[in-house]
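Okay, structure first, notes after.
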Amino acid sequence: MSTQPRADGPVPSGLFWADRSHLLLTVAPTALAGIATALMGWAQLDGGLAALLRYLAIAAGAVATVLLIIKAVRDRKNAKTVDEARYDTMKELRNKLGPALDLMAELAGVDPAYSSSEVLNQSLKTIATHCCSAMGAMMPASTDVRAIVYAVKEPNELYPMARFGRNDVPRTFSFDEPDGAEILAYLSGNSPEGELYTDTSGEAPLHYEGDRARYRTFIRAPIWSSGAVFGMVAVDAPKAGSLSKGDVFLAELIAAELAPAFAIAAAAGRSEKSA
């Protein structure tokens, strides 16, 4: 008489740890991105530990990015239906983000009180360009995406600081106009959550006036820290439905990575004005 394994028997240890590690790689990047934002906020309040807190913020963001890449690669290996090109894209994302993370690490040791805001803003633009390139590398080439990092410009504008991908020049928004006011209200919501509009012909933000012939789907995610709005990450594509919730997560992560760098540059600007 043969014996059959009990369906309710002990779970093999390999499967147990596989489930736990999958959960860790899913939750940890978001948690670390939140920690990075909080640390940068504390750095602005505690002058004695500011440099250390900024360094820890950049480190937390870097670890979050590495975990995201590890999870993407692991998911690819475990999914039989995933195209081999996706794995190559993950490697390209890692390589594209490397320069941005290096520059962020350098900014972590900068004292805004003794740094030129012009130099820091140029570094910030370079970081934003690398991040746009990384987002473009992550998306399938068939979607013809465009990635943009917008920055707030006093007194009332949101302008495209950096972009990568489709060669459509993004517009500058005025917060005095209805569509710009809607964007400002979204960015001021004190939430890091991004938004995905799958098809702008059927759904779009209030007062949306985008060129629907050039892009039919887009993502937006706020760049903010400690209640201060610095800008927005946006990704758009001509084909409706070609962007997914996974792409929203990437945009949120990039926005969280950029927030500390924006905060350092903003602190330098305040120091120059008060001098």
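Can you give me the number of residues within the range 167-183 that are open to solvent by less than 60 Å² (accessible area, probe 1.4 Å) and either closer than 25 Å to ALA228 by Cβ or in contact with a Gly (Cβ under 9 Å, 6 or more places away or on another chain) (or both)?
Number of matching residues: 9.
Tell me, which strands (runs of 3 or more DSSP E) wholly within the range 159-241 include 1 or more residues that are among the polar types (S, T, N, Q) and under 21 Å from the mean Cα position of the chain (by Cα)?
Where strands (runs of 3 or more DSSP E) fall fully within the range 159-241 and carry at least 1 residues being among the polar types (S, T, N, Q) and under 21 Å from the mean Cα position of the chain (by Cα), they are 217-225.
Scan the range 201-223 and report the pairs whose first residue is at positive phi and whose second residue is at pLDDT 75 or above and not in a strand (DSSP E or B), with Cβ atoms within less than 7 Å and a gap of 6+ or a chain change.
If the second residue must be at pLDDT 75 or above and not in a strand (DSSP E or B), the pairs left are HIS207/PRO178; HIS207/ASP179; HIS207/GLU182.
The values are calculated or read from the model by the stated rules, or taken from the named source; none is laboratory data. What you are looking at is a predicted structure, and each value in this text was computed from that prediction instead of being measured. Please note: Cβ atoms are built from the backbone with ideal geometry, for glycine as well, and neighbour counts cover all protein chains shown. Accessible surface areas use protein heavy atoms only, side chains included; no ligands, DNA or RNA. Shrake-Rupley method; radii C 1.70, N 1.55, O 1.52, S 1.80 Å.
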